[in-house]
Amino acid sequence: MEITRIRAGTRAPADIDAILPEILAFDLEINRAAGLEEDFDPIPDEVRHSLTSTSEYRTSVIWLGRIDGAVVAKGVAELRLDSDTDTAEVWTGVHPDHRRRGLGAALLTVMENDLRAKGRSALSSYCEIPQSVRNADLRGAHLAAETGAGSLPVALPEVSFLSSRCYGLAQIERCSVAPTAAAAELDLGTDADDYVIETWRGPVPEHRQEHIALLKRRLSTDVPGAAKFGGEESWDGERVRALDAEKKAKGESMATALALLGGEPAGYTQVGHSTDRPTVGWQGGTLVLREHRGHRLGARLKVANHRSLAANSAVERIYTWNAVENRWMLAINDQAGFATWAWVGLWTKSLR
Ligand SMILES: CC(C)(COP(=O)(O)OP(=O)(O)OC[C@H]1O[C@@H](n2cnc3c(N)ncnc32)[C@H](O)[C@@H]1OP(=O)(O)O)[C@@H](O)C(=O)NCCC(=O)NCCS
């Protein structure tokens, strides 16, 4: 297998356009083999953007493995540049016709060696297992997550593969999906307090950028398991603006709900959606600051955001990911009509 590397933003756009169809076809093949349906199909503009753009906060590298010129394996590493510069999130995929021949292990070894040489030794990875696939093997041996919450069948290729490469199963997330209308119609009654919830779609308004920055900074440390996957992210108004510009370039739009008390931020939630797939929404971060918990703000924010999406967008369903030990968030989602769709294993490995 011949392996080439592409660091985002280092190749001419024409070179990227030449290999883009191969990458899209490969990603589609991997998704179908994993049981992921059309909602998860690669979006050309997003994939092109991930190969051509980099920012002062993040970048990515892809590795392509070819046999007789055809792409048979692909690796991706997402790299933070502003902080946690010793970390990398990696993923490896092998074309279904070429599995169990050592290609995945060979590619991941090359990726790890490249990353170690750049000082990236704290690795994380993930695998996504549809509910139907997990349920097909309920009686077989399972590997428990280090959090103590949840497990995955050891016989699954992704689980065996990452275990065999010495990754530890740190945490499990539940992926669930709900019709936008279900949460929008939820009647939470009225709360006799002074919290105000604002919603908007598109870029964060200028006078709210510092508020969103503060909430995103706190989100990076205040969700279960955050410490395992990197430290506090540095967010300010400028980074919020840069993220909005990046989303615009990718053809992605955000719907935001922000809770305020006396003009100060108390919590927020965001859902992203792409112009190329307007019926599908992706839940972004949700956080209620510790000092404001216990006022049902999580549910109130989600309902407000879903109402705003139902009224002003074509989004019909929303996917969300939550750590299985995050009971309070799962309870809110259950109430809002979310049904389990898949399980995601989050893995870590130290190269030190
Ligand atoms: C996971 C994946 C990358 C493995 O690729 P591969 O080329 O088949 O893996 P390899 O042949 O290099 O296998 C290396 C080891 O992984 C384990 N393994 C891989 N597939 C396995 C399977 N189907 N059953 C049991 N063990 C398996 C074995 O321990 C194997 O070593 P062995 O062959 O000496 O027993 C491939 O199945 C895939 O692309 N899955 C979808 C993408 C994905 O979910 N990636 C997540 C991991 S980052």
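All of the numbers you see were taken from the coordinates with simple rules; none came from a lab. Bear in mind the structure is a predicted one, so any value in this text is a computation, not a measurement. Note that each Cβ is placed from the backbone with ideal geometry, even for glycine, and that neighbours are counted across all protein chains shown.
Compared with the dominant principal axis of the Cα atoms in the chain, helix 297-312 is inclined by about 80°. Between residue 228 and residue 132, the modelled labels are 2.9 nm apart [label points 7 Å from Cα along Cα→Cβ]. A full extension of the chain between residue 248 and residue 82 corresponds to an added length of 57.6 nm, given 0.36 nm per residue minus the alpha carbon distance. Using the Cβ-Cβ distance between residue 45 and residue 4 with R0 set to 30 Å, the FRET efficiency from 1/(1 + (r/R0)^6) comes to roughly 0.85.
Averaging the sequence gap over all C-alpha pairs within less than 8 Å and six or more residues apart, then dividing by the number of residues, gives the stretch 183-267 a relative contact order of 44 percent.
Length available on full extension from residue 164 to residue 12: 0.36 nm per residue minus the Cα-Cα distance, which gives 51.0 nm. The relative contact order of the stretch 215-311 comes to 24 percent, based on Cα pairs under 8 Å that sit 6 or more residues apart. Taking a ≥ b ≥ c as the square roots of the eigenvalues of the Cα gyration tensor, the stretch 81-176 is classed as oblate, since a/c reaches at least 1.5 and a/b does not exceed b/c. Modelled label positions at residue 350 and residue 206, each set 7 Å beyond Cα in the direction of Cβ, lie 4.7 nm from each other. The relative contact order of the chain comes to 20 percent, based on Cα pairs under 8 Å that sit 6 or more residues apart.
Within a straight-line Cα-Cα reach of under 14 Å, residue 250 can be paired with the following aspartates and glutamates, leaving aside sequence neighbours fewer than 8 residues apart in one chain: 45, 46, 276.
The simple spin-label model puts a point 7 Å past each Cα toward its Cβ; for residue 149 and residue 196 those points are separated by 3.4 nm.
In this calculation the C-beta distance from residue 317 to residue 236 is compared with R0 = 45 Å, giving a FRET efficiency of 0.85.
With all projection directions averaged, the alpha carbon convex hull of the chain covers 17.6 nm². Within straight-line reach of residue 248, meaning a Cα separation under 28 Å, sit the following lysines at least 8 residues removed in sequence or on another chain: 74, 216, 302. Identify all lysines with a Cα-Cα distance to residue 349 below 18 Å; exclude those on the same chain that are fewer than 8 residues away in sequence. In chain and number order, the partners are 118, 228.
Rounded to 0.05, the FRET efficiency of the residue 97 and residue 327 pair, given R0 = 51 Å and the Cβ-Cβ distance, is 0.75.
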